[in-house]
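The numbers here are math on the coordinates, done by the rules we state, and not lab data. Because the structure is a prediction, the values reported are computed rather than measured. Neighbour counts are summed over all protein chains in view; Cβ atoms, including those assigned to glycine, are modelled from backbone coordinates with ideal geometry.
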Amino acid sequence: MNIIKKITNGIIPKHIAIIMDGNGRWALERGENRFYGHKQGVKTVFKIVEAAMKIDVKYLTLFAFSRENWGRPKHEIKKILQLLSSTIKENEKHFLRNKIKLKTIGNINDLPTLSQKLINQVVNKTKNNNKITIYLALSYSSKNEIIEAVKKIIKEKKYLDTEIDEELISQNLQTYKCPDPELLIRTSGEKRISNFLLWQIAYSELYFSKKKWPDFDAEELYMAIFEYQKRERRFGKTTEQIEKK
Ligand code: IPE
Ligand code: IPE
Ligand code: MG
């Protein structure tokens, strides 16, 4: 694939975050039920993880289930959660073979006990892998993550107000071990963040794909990276300052 050559000449983002959206609409367009879309979406996840590893992306954070998604019909929630935990369990060997570290962010305690158990087992078994880290966002709400960070800091009772800074907040988020994403992708044509990584994406480049998640592929991931590489990240400075460097 020519595009791989192109992008590997440039800087590959260390961390890419993806809002995997559009499973339901993808299925309905095909006269199928929403669950068919979620099943197809899982296949895309594996393809995209492989594509990311190929170009040495180090962290992928995937929005799989939001805290707000608990408001969906019970039968859809149940099926999504079953699909999630069975996929994770069935692919344990795949993760180990490919040195994939699986981690979760979000309120994992909200999940059914059995799902928690299955997921935690795989998280534990893959903890020493180092090719890529996948953060699966489950029952995740960014505002809630920030609230919890503030609560932790207050409970420790050892900080003066002058010591509360960006570093301290970042360290108390669930993503504290990884750099902020340089690139955030959302599929399905929606142009919103839906309470995902609000703090961490303060300076991320945003890429919105029209493709619904089951149709998203390696080619488009690489296109997103190509587009990212063409952008000028100014972090508040001027073009002249950036060019001088
Ligand atoms: C994303 O696809 C998956 C989850 C939110 C679990 P959707 O289920 O939101 O699909 P659309 O947006 O309804 O098409
Ligand atoms: C965001 O998608 C959450 C996930 C992709 C898991 P939604 O489909 O839930 O987002 P909204 O409701 O359209 O904003
Ligand atoms: Mg959606």
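Output the residues belonging to the stretch 132-147 that are surrounded by 15 or more Cβ atoms within 10 Å (Cβ to Cβ) and not aromatic (Phe, Trp, Tyr).
We begin by selecting, within the stretch 132-147, every residue surrounded by 15 or more Cβ atoms within 10 Å (Cβ to Cβ); these are 132-142, 145-146.
Across the stretch 132-147, the qualifying residues are Ile132, Thr133, Ile134, Leu136, Ala137, Leu138, Ser139, Ser141, Ser142, Glu145, Ile146.
Taking Ala202 and the conditions (1) over 19 Å from Cys178 (Cβ atoms); (2) without any contact (Cβ under 8 Å) to a residue 60 or more places away in the chain; (3) small (Gly, Ala, Ser); (4) away from ligand 3 (no atom under 16 Å from the Cβ), which numbered condition does it fall short on, given that it satisfies the others?
(1)
What number goes with the only condition from (1) more than 16 Å from ligand 2 (Cβ to nearest atom); (2) in a loop (DSSP other than H, G, I, E, B) that Ala52 does not pass?
Going through (1) more than 16 Å from ligand 2 (Cβ to nearest atom); (2) in a loop (DSSP other than H, G, I, E, B) one by one, Ala52 breaks only (2).
Can you name the residue in the stretch 51-92 that is among the β-branched types (Val, Ile, Thr) and away from ligand 3 (no atom under 16 Å from the Cβ) and, of all such residues, is farthest from Ile105 (Cα to Cα)? Break it down stepwise before answering.
Kept after step one, since they are among the β-branched types (Val, Ile, Thr), are these residues of the stretch 51-92: 55, 57, 61, 77, 80, 87-88.
Retained after the next criterion (residues that are away from ligand 3 (no atom under 16 Å from the Cβ)): 55, 57, 61, 87-88.
Values: Ile55: 24, Val57: 19, Thr61: 9, Thr87: 17, Ile88: 15 Å.
So the residue we want is Ile55.
The conditions are (1) within 11 Å of ligand 1 (Cβ to nearest atom); (2) assigned to a helix (DSSP H, G or I); (3) under 30 Å from Ile147 (Cα atoms), and Phe63 fails exactly one of them. Which is it?
(2)
Checking the condition near ligand 1 (Cβ under 10 Å from one of its atoms) and either of a type outside the set (Val, Ile, Thr) or crowded, with 19+ Cβ neighbours inside 10 Å (or both), which residue from Gly24, Gly31 passes?
Working: Gly31 fails: near ligand 1 (Cβ under 10 Å from one of its atoms).
Being near ligand 1 (Cβ under 10 Å from one of its atoms) and either of a type outside the set (Val, Ile, Thr) or crowded, with 19+ Cβ neighbours inside 10 Å (or both) holds for just one of Gly24, Gly31, which is Gly24.
Inspect the stretch 171-186 for any residue being within 16 Å of ligand 1 (Cβ to nearest atom), within 29 Å of Phe46 (Cβ to Cβ) and over 15 Å from the mean Cα position of the chain (by Cα) and give the result as yes or no. First the steps, then the outcome.
Taking the stretch 171-186 and keeping what is within 16 Å of ligand 1 (Cβ to nearest atom), we get 184-186.
Subset that is within 29 Å of Phe46 (Cβ to Cβ): 184-186.
Within this subset, residues satisfying the condition of being over 15 Å from the mean Cα position of the chain (by Cα) are none.
Looking for residues that are within 16 Å of ligand 1 (Cβ to nearest atom), within 29 Å of Phe46 (Cβ to Cβ) and over 15 Å from the mean Cα position of the chain (by Cα), one finds none in the stretch 171-186, hence no.
Consider Ile48 carefully, then state whether it is more than 16 Å from ligand 3 (Cβ to nearest atom), crowded, with 19+ Cβ neighbours inside 10 Å and without any contact (Cβ under 8 Å) to a residue 60 or more places away in the chain.
Numbers: more than 16 Å from ligand 3 (Cβ to nearest atom): yes; crowded, with 19+ Cβ neighbours inside 10 Å: yes; without any contact (Cβ under 8 Å) to a residue 60 or more places away in the chain: no.
Spelling it out, it is not the case that Ile48 is more than 16 Å from ligand 3 (Cβ to nearest atom), crowded, with 19+ Cβ neighbours inside 10 Å and without any contact (Cβ under 8 Å) to a residue 60 or more places away in the chain.
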